[in-house]
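The values are calculated or read from the model by the stated rules, or taken from the named source; none is laboratory data. Because the structure is predicted, anything quoted here is derived from the model rather than measured. For neighbour counting, all protein chains shown are included, and Cβ atoms are generated from backbone atoms with ideal geometry for every residue, glycine included. The protein model used for the area step is the full one, side chains on, heavy atoms only, and it has no ligands, DNA or RNA in it. Shrake-Rupley method; radii C 1.70, N 1.55, O 1.52, S 1.80 Å.
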Amino acid sequence: MAQRGKFISFEGIDGAGKSTHIAFVQQYLASYDMQIVSTREPGGTPLGEALRQLLLHEKMHLETEALLMFAARREHIAQVIEPALTRGEWVISDRFTDASFAYQGGGRHLDLTKLSALEQWVHPHLQPDLTFLFDVPLAVARARLDATRALDKFEQEDADFFANTRAEYLRRAAEFPERFRVIDSTQSIETIQAQLQTHLRALAASTCQAE
Ligand code: TMP
């Protein structure tokens with residue numbers, strides 16, 4: 001049986017610059033002939049992508065929003081994440097449950113115990129092996145949002161929402177230091193890429209030692 005793969009999630013407020021770095025990590029791991037599955041939340045399955053459209057564009061009660069995020073996640077874990085990890089592939093996910101704590105919990109003030117209950121229900125034993133949190137001041141994130149396209153429901157939120165979202169991300173990073181790596185996303189691309197490589201090599205080395 002193949003050794004279980006690793007699960008890496010990428011987080012940060014909108015405009016933190018995650019997409020560029022995800023593309024780099026994909027290329028970097030592929031250059032070592034690693035089998036990777038690149039996916040995203042909300043989304044990653046046909047049902048999840050349909051829910052994404054609703055979540056990003058329709059107004060809804062904050063608890064409906066949280067429940068749909070976790071419904072999409074349940075499908076994502078069952079259809080994509082667990083099968084890939086079992087095959088020994090590495091899963092790179094653009095967001096996972098930390099985003100629910102940050103956005104629905106921090107940004108929208110949904111009771112964190114409700115989110116913990118959903119997390120316990122949907123994935124009691126699964127957590128990312130590594131979570132990169134790309135952190136930037138709000139003003140920098142706002143300036144980076146693509147001015148050429150219409151902003152989605154979350155991107156249109158105000159500064160308070162993003163301040164609270166960022167604060168909850170940082171609180172979780174402090175609570176789970178063993179898996180979080182906070183990357184100062186105002187640094188140059190080269191500096192960030194060097195840091196990503198260091199963390200990925202450490203994760204790959206821990207895999208080899210465990211064999
Ligand atoms: P993306 O634009 O980075 O792909 O993320 C989609 C949006 O969905 C982003 O604004 C964050 C938000 N989101 C939540 O509010 N809760 C969640 O659990 C997830 C996964 C994303």
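Among the residues making up segment 158-200, those that are more than 30 Å from Ser31 (Cα to Cα) and of a type in the set (Ser, Thr, Tyr) are Thr165, Tyr169. Look at segment 7-18: where a residue is outside any loop (DSSP other than H, G, I, E, B) and within 8 Å of the ligand (Cβ to nearest atom) and a partner is at pLDDT 95 or above and aromatic (Phe, Trp, Tyr), sitting 6+ places away or on another chain with Cβ atoms under 7 Å, you get Lys18/Phe10; Lys18/Phe134.
Of note, Arg166 satisfies the criterion of being touching a residue at least 12 places away in the same chain (Cβ under 8 Å), under 17 Å from Val182 (Cα atoms) and open to solvent by 40 Å² or more (accessible area, probe 1.4 Å). Output the residues belonging to segment 123-151 that are open to solvent by 90 Å² or more (accessible area, probe 1.4 Å) and polar (S, T, N, Q). The one that is open to solvent by 90 Å² or more (accessible area, probe 1.4 Å) and polar (S, T, N, Q): Thr148. Scanning segment 15-28 for residues that are among the aliphatic types (A, V, I, L, M) and at pLDDT 95 or above returns Ile22, Ala23, Val25. Given the criteria more than 11 Å from the ligand (Cβ to nearest atom) and within 12 Å of the chain's Cα centre (by Cα), does Val37 qualify? Against the criterion (more than 11 Å from the ligand (Cβ to nearest atom) and within 12 Å of the chain's Cα centre (by Cα)), Val37 does not qualify.
The residue that is farthest from the chain's Cα centre (by Cα), among those in segment 87-98 that are within 12 Å of the ligand (Cβ to nearest atom) and open to solvent by 10 Å² or more (accessible area, probe 1.4 Å), is Asp94. Whether a residue is in contact (Cβ under 8 Å) with a residue 12 or more places away in the chain, open to solvent by less than 50 Å² (accessible area, probe 1.4 Å) and among the β-branched types (Val, Ile, Thr) was assessed, and Ile183 passes this test.
None of Ala84, Ala71, Ala50 is of a type outside the set (Lys, Arg), more than 20 Å from Leu170 (Cα to Cα), free of Cβ contacts under 8 Å to residues at least 12 places away in the same chain and more than 10 Å from the ligand (Cβ to nearest atom) except Ala50. Scanning segment 100-122 for residues that are near the ligand (Cβ under 9 Å from one of its atoms), open to solvent by 10 Å² or more (accessible area, probe 1.4 Å) and closer than 13 Å to Met69 by Cα returns a single hit, Tyr103.
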